[in-house]
Amino acid sequence: MDRRHILATALASAALTSPFARAQNAYPDQPIKWIVPYPAGGGTDNLARTLAEHMRGSLGQPLLIDNRPGAATNIGAETVARAKADGSTIMSADNAVLAFNEHLFKRLPFSPENDFSYIGGIGKFPLALVVHPDFPAKDFAQFLAYVKANPGKVNYASVGNGSPHHLAMEMFKHRTGTYITHIPYRGAAPAMQDVMGGQVPAMFLDLASGLSIIRGGKVRALAIGSQQRSAVLPDVPTLKELGVADVDVFAFQGVLGPAGLAPAVVLRLNQELNKALADPAVLGKFTEFGFEPLRLSPAQFKALARSESRRWGTVIKANGISLD
């Protein structure tokens, strides 16, 4: 009995002092840079800042937001792919990095599958088709009739080439046989500003960025792009309800680090991320604009990203969309 007790104590002590345990307990020992591949003020930036504020207490180090917009998120993604794999650099990654860009560009300075450590999901939120309040169409049927009667004469904004907002409209155009001209912006804030101002009449807008301006009457929501109505906009019908089949468009985000992060570091970040996403204070902020948290393991997050890449790769190829 004594020998068994001594052996059990030794094993427990070894577990607590193993390299894995030591690495997890010691991390982080320096501030963490959180890359956001969009300008400040948009939905991605707001999500990252909210999470960083709640994670810093339990991590014991500041998480410093570093906005690196440009090149359809490739600038930010390349920065992370080339960063030292010590857990000091992570990033918010959305559909562009995770699912779109490998199909939109012939050459990327990184591989979404091989050059990142997948840490965990953040969440997903629907995209709404919105127009300026003075646009001649007052509902979806009128909008569809108007753009069909005026091919190429109606412009739409997006938060950038290759963004979910861009490809959502391209899928919509393909499904409805319409021709609407793309005006890309560098981020959600300037795109929304011009739609609110009437310079560009329409866009697919993620609710994380745009719910407040929809509720404020600065833009009018005509349809929701996902399969179910949004709980925060229950009166806005889905495209499926309106007769546009096979459209399921949503923005989703998660957290990546450079390839080669120690498993203990990935686990610690995943635990702290999921803890923040379960915090009532965080959930209260996020659910206000229809955000659905994705508390996933690293493996589940990577599986979702690769599945979405396959789905959108088919769409991008079928429609001949390229950013080269």
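The values are calculated or read from the model by the stated rules, or taken from the named source; none is laboratory data. For clarity, every value in this text was computed on a predicted model and none was experimentally measured. Here Cβ is always computed from backbone atoms with ideal geometry, including for glycine, and neighbour counts include all displayed protein chains. Just the protein is used for accessible areas: all its heavy atoms, side chains included, with ligands, DNA and RNA removed. Shrake-Rupley method; radii C 1.70, N 1.55, O 1.52, S 1.80 Å.
Averaging Cα coordinates gives a centre for segment 226-243 and one for segment 274-319; these two points are 19 Å apart. Its residues counted as N, segment 192-324 yields a C-alpha radius of gyration over 2.2 N^0.38 Å of 1.26.
Here the Karplus curve 6.51 cos²θ - 1.76 cosθ + 1.60, taken at θ = phi - 60°, turns the phi angles of segment 93-98 into couplings of 10, 10, 3, 4, 5, 7 Hz, with x standing for Gly and Pro. Our summary gives the chain a relative contact order of 27 percent, counting only alpha carbon pairs under 8 angstrom and 6 or more residues apart.
In the chain, what percent of the accessible surface is made up of carbon and sulfur (1.4 Å probe, ligands and nucleic acids excluded)? Answer for the chain: carbon and sulfur cover 53 percent of the accessible area.
Here the Karplus relation 6.51 cos²θ - 1.76 cosθ + 1.60, evaluated at θ = phi - 60°, turns the backbone of segment 172-183 into coupling constants of 4, 4, 5, 5, 9, x, 10, 10, 10, 8, 7, 10 Hz, with x for every Gly and Pro. Take the chain, connect every pair of alpha-carbon atoms lying under 10 Å apart with a spring to form a Gaussian network, then pick out the residue of 175, 68, 220 with the largest mean-square fluctuation. Largest GNM mean-square fluctuation: 175.
Placing unit charges on the Cβ atoms only, positive for Lys and Arg and negative for Asp and Glu, gives the chain a dipole magnitude near 300 debye about its Cα centre.
Compactness check for the chain: Cα Rg over 2.2 N^0.38 Å is 1.10.
Between residue 223 and 129, the built amide H atoms are under 5 Å apart, and every one of these is 5 or more places off in sequence or on another chain. For residue 156, the residues whose amide H sits under 5 Å from its own are 181, 182, 183, ignoring neighbours fewer than 5 places away on the same chain, with H placed 1.01 Å from N. Restricting attention to the chain, close to 60% of DSSP beta bridges with both partner residues there are antiparallel. The relative contact order of segment 90-212, computed from alpha carbon pairs under 8 Å that lie at least 6 residues apart in sequence, is 32 percent. Distance between the C-alpha centres of segment 142-206 and segment 33-108: 25 Å, rounded to the whole angstrom. Solvent exposure of the chain, expressed per residue, is 43 Å² of accessible area, with all protein chains present and a 1.4 angstrom probe. Remark on residue 122: its backbone amide H falls under 5 Å from those of 253, 254, 255, 294, a criterion applied only to residues 5 or more positions apart or on other chains, H modelled at 1.01 Å from N. Summing +1 for each Lys or Arg and -1 for each Asp or Glu among the other residues whose beta-carbon sits under 11 angstrom from that of residue 79 gives +1.
Applying 1/(1 + (r/R0)^6) with R0 = 35 Å to the Cβ-Cβ distance of residue 30 and residue 105 gives a FRET efficiency near 0.60. Descending by average beta-carbon neighbour count within 10 Å, the peptides 259-265, 136-142 line up as 259-265, 136-142, the highest first.
Cα to Cα, under 21 Å, and not fewer than 8 places away if on the same chain: which lysines meet these conditions relative to residue 240? Within the straight-line cut-off, residue 240 pairs with 124, 138, 148, 173. In order along segment 287-299, phi translates into HN-Hα couplings of 5, 4, 10, x, 6, 10, x, 10, 8, 10, 6, x, 5 Hz, rounded to whole numbers, per the Karplus curve 6.51 cos²θ - 1.76 cosθ + 1.60 with θ = phi - 60° and x for Gly and Pro.
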